[in-house]
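Asker: Dropping a structure here in structure tokens format, bear with me for questions.
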Amino acid sequence: MADSSFDIVSKLDRQEVDNALGQAAREIATRFDFKGTGATIEWQGEQAIEITASADDRASAVLDVFKDKLIKRNQSLKILDAGEPRQSGRESKISIALKEGISSEDAKKITKLIRDEGPKGVKAQIQGDELRVSSKKRDDLQAVQALVKGQDLDFAVQFTNYR
């Protein structure tokens, strides 16, 4: 019998992020507490978002609205790498980078975790910015998924390609 396997990846659903951004922008445009603050949220290239407002607390409030919209669309907040509010002339800005892919150090951490704490006979190999986990028993793979989900990793994790 062939080995069963699955991939551990860290991807973001760009369409869902775009929808959350659009919803946040609409809410900011209509909410009373944002009137006259010049609060905006918009894409800054392919993998970044920028929030602009008249004050630091207003910019932080826009970020909170955006986070709420992401949560409602089942997106992990770990995809966001938000900076601190910074002054830019009269405005306050927050830059947010979107994180995607598993770095080689993080992949090594997960591989070590699976090797040390996972069931015997489970193999994990790094393939670019994802991890392939394989085993003869499907129950072992499910145990590995539970193990990885239980960890407090600093990036979003999804399981794909289950066969």
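The values are calculated or read from the model by the stated rules, or taken from the named source; none is laboratory data. What you see is a predicted model, and the numbers here were worked out from it, not measured in a lab. So basically every Cβ, Gly included, is an ideal-geometry build from the backbone, and we count neighbours across all protein chains shown.
Asker: If I filter segment 121-133 for residues that are assigned by TED's automatic domain parsing to the domain that holds Glu46, of a type in the set (Asp, Glu) and out of contact with any helix residue (DSSP H, G or I) (no Cβ under 6 Å at 6 or more places or on another chain), do I get at least one hit? Lay out the reasoning, then the answer.
Answerer: Going through segment 121-133, the residues assigned by TED's automatic domain parsing to the domain that holds Glu46 turn out to be none.
No, segment 121-133 contains no residue that is assigned by TED's automatic domain parsing to the domain that holds Glu46, of a type in the set (Asp, Glu) and out of contact with any helix residue (DSSP H, G or I) (no Cβ under 6 Å at 6 or more places or on another chain).
Asker: Scan (1) loosely packed, with under 12 Cβ neighbours inside 10 Å; (2) farther than 25 Å from Asn19 by Cβ; (3) touching a residue at least 40 places away in the same chain (Cβ under 8 Å); (4) not aliphatic (A, V, I, L, M) for the single condition Arg90 breaks and write down its number.
Answerer: Arg90 satisfies every listed condition except (3).
Asker: Before we move on, is Asn19 surrounded by 14 or more Cβ atoms within 10 Å (Cβ to Cβ) and either of a type in the set (Gly, Ala, Ser) or at pLDDT 90 or above (or both)?
Answerer: For Asn19, the condition - surrounded by 14 or more Cβ atoms within 10 Å (Cβ to Cβ) and either of a type in the set (Gly, Ala, Ser) or at pLDDT 90 or above (or both) - is met.
Asker: Among the candidates Ile96, Ile102, single out the residue that is assigned to a strand (DSSP E or B), within 27 Å of Ser10 (Cβ to Cβ), of a type in the set (Val, Ile, Thr) and at pLDDT below 95. If you could, list the steps in order and put the result at the bottom.
Answerer: Working: Ile102 fails: assigned to a strand (DSSP E or B).
Result: Ile96 is the single residue among Ile96, Ile102 that is assigned to a strand (DSSP E or B), within 27 Å of Ser10 (Cβ to Cβ), of a type in the set (Val, Ile, Thr) and at pLDDT below 95.
Asker: Please find, among Glu46, Glu50, the residue that is out of contact with any helix residue (DSSP H, G or I) (no Cβ under 7 Å at 6 or more places or on another chain), farther than 30 Å from Asp139 by Cα and either hydroxyl-bearing (Ser, Thr, Tyr) or at pLDDT below 90 (or both). Walk me through it before giving the result.
Answerer: Details: Glu50 fails: either hydroxyl-bearing (Ser, Thr, Tyr) or at pLDDT below 90 (or both).
Answer to the check: Glu46.
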